[in-house]
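The values are calculated or read from the model by the stated rules, or taken from the named source; none is laboratory data. What you see is a predicted model, and the numbers here were worked out from it, not measured in a lab. No Cβ is skipped: glycine too gets one built from the backbone with ideal geometry, and neighbour counts run over all protein chains shown.
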Amino acid sequence: MMSIRSLAGACLSAFAALSAFAVPASAQNYPTRTITMIVPFAAGGPTDVISRIVTAHMAQTLGQSIVIENVVGAGGTTATTRAARAANDGYTLVTGHMGTHAASVPLYPKLAYHPEKDFEPVALLAGTPILILARKDFPPKDLKEFVAYVKTNAEKVNAAHAGIGSVSHASCELLNSILDVKPVGVPFNGTGPAMNALVAGQVDYMCDQIVNAVPQINAGTIKAYAVATPERNPSLPNVPTTAEAGLPAFQAQAWNAIFAPKGTSPAIIATLNAAAIKALDEDNVRKRLLELGSVIPAPANRTPEALATLVKNEIAKWTPVLKPAT
Ligand code: ASP
């Protein structure tokens, strides 16, 4: 006679077999056509650059092209809303970040999506340290002078960002609250265009993800006062940390990650996650991400579950920082 335990085991295996059959044909053959990756900011910014580097390799693994669609506006929340409402068939994805999937929650009381409830996390692509940047002829020479200058000239200085709730906006809100200043904010559709304005000397300063700043800093077209992480970044060995430069309270690192609309099948999520991990392990992809200052996620942080935890923790972290600013 079958014991209760083996009966339960048999039932479980039968269930497992049935669930395997339950994977819809569309998920089994996935992908059979072009995938759209929505990038919530303009071309040339960190989110766009990271998405292009990683998806180019993922497309090879998946055997289908991945088309980047830059959908701008409202600090990335317009595009993220569109992604949340897209069909959950694996053919529309979004590259979100610390702004779209965390900082936007306290800043937009009527946000049309919830980062945790309306998305399936797919994979973390990169950690991106935050830098304090300025136009190259901005008078302060170092971070101490910057702090003094911004405080004395509070009414005159302006800070570029990629819209309310973007990484550049949220991280400079943190900096500005530490310094107790309220510069005029100058919004752009992404920090690609904001960087162009900084290089052209049209705006004074900006806090942003390291990615598209590295080439400009190395070319001397902008200034970098500090990186807001505990360690210097290997791509910018001469840029001090905020602690070294006298402002240890300002610590900020952002990230970019792929999300799919809620209800996308677990088989599709697993396929996409595996392709993203394969890309992160490929030499050329790693080299390009590292030379732009990104931090490649450690294996334990590459699962959809780890990304879900990151999103939860980031919402909890940024909500008290940004609530008073609204
Ligand atoms: N770095 C951006 C932000 O401030 C956006 C972008 O990637 O263009 O959120």
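Selection of first residues in the stretch 35-63 that are over 16 Å from Arg82 (Cβ atoms) and of second residues that are away from the ligand (no atom under 15 Å from the Cβ) and in a loop (DSSP other than H, G, I, E, B), restricted to Cβ pairs under 7 Å at least 6 apart or on distinct chains, gives the following pairs, ordered by first then second residue: His57/Glu282; Ala59/Ser65; Leu62/Pro31. Applying the selection to the stretch 292-319, what residues are among the aliphatic types (A, V, I, L, M), closer than 14 Å to Ala254 by Cβ and part of a loop (DSSP other than H, G, I, E, B)? Correct list: Leu292 only. Going residue by residue through the stretch 229-244, is there one that turns out to be out of contact with any strand residue (DSSP E or B) (no Cβ under 7 Å at 6 or more places or on another chain), away from the ligand (no atom under 16 Å from the Cβ), assigned to a loop (DSSP other than H, G, I, E, B) and closer than 25 Å to Pro121 by Cβ? The answer is no, given that none of the residues of the stretch 229-244 is out of contact with any strand residue (DSSP E or B) (no Cβ under 7 Å at 6 or more places or on another chain), away from the ligand (no atom under 16 Å from the Cβ), assigned to a loop (DSSP other than H, G, I, E, B) and closer than 25 Å to Pro121 by Cβ. What do you reckon, is Ile217 out of contact with any Gly (no Cβ under 7 Å at 6 or more places or on another chain), not acidic (Asp, Glu) and not in a helix (DSSP H, G or I)? It is false that Ile217 is out of contact with any Gly (no Cβ under 7 Å at 6 or more places or on another chain), not acidic (Asp, Glu) and not in a helix (DSSP H, G or I). When Met98 is tested against (1) of a type outside the set (Lys, Arg); (2) buried (at least 24 other Cβ atoms within 10 Å of the Cβ); (3) away from the ligand (no atom under 11 Å from the Cβ), exactly one condition is not met: (3). Considering Leu289, Leu322, the condition of being assigned to a helix (DSSP H, G or I), at pLDDT below 95 and surrounded by 17 or more Cβ atoms within 10 Å (Cβ to Cβ) is satisfied by Leu322 alone.
Just checking, does the stretch 196-204 include any residue being surrounded by 24 or more Cβ atoms within 10 Å (Cβ to Cβ), over 25 Å from Glu314 (Cα atoms) and within 23 Å of the chain's Cα centre (by Cα)? Yes: one or more hits. Among residues of the stretch 76-105 that are more than 16 Å from Gln253 (Cβ to Cβ), those with a beta-carbon under 8 Å from a residue that is surrounded by fewer than 21 Cβ atoms within 10 Å (Cβ to Cβ) and aromatic (Phe, Trp, Tyr) at least six positions away or on a different chain give the pairs Thr77/Tyr108. For the stretch 81-200, the helices (runs of 4 or more DSSP H) that sit wholly inside it and include 2 or more residues that are more than 30 Å from Thr264 (Cα to Cα) are 143-152, 167-179, 191-199.
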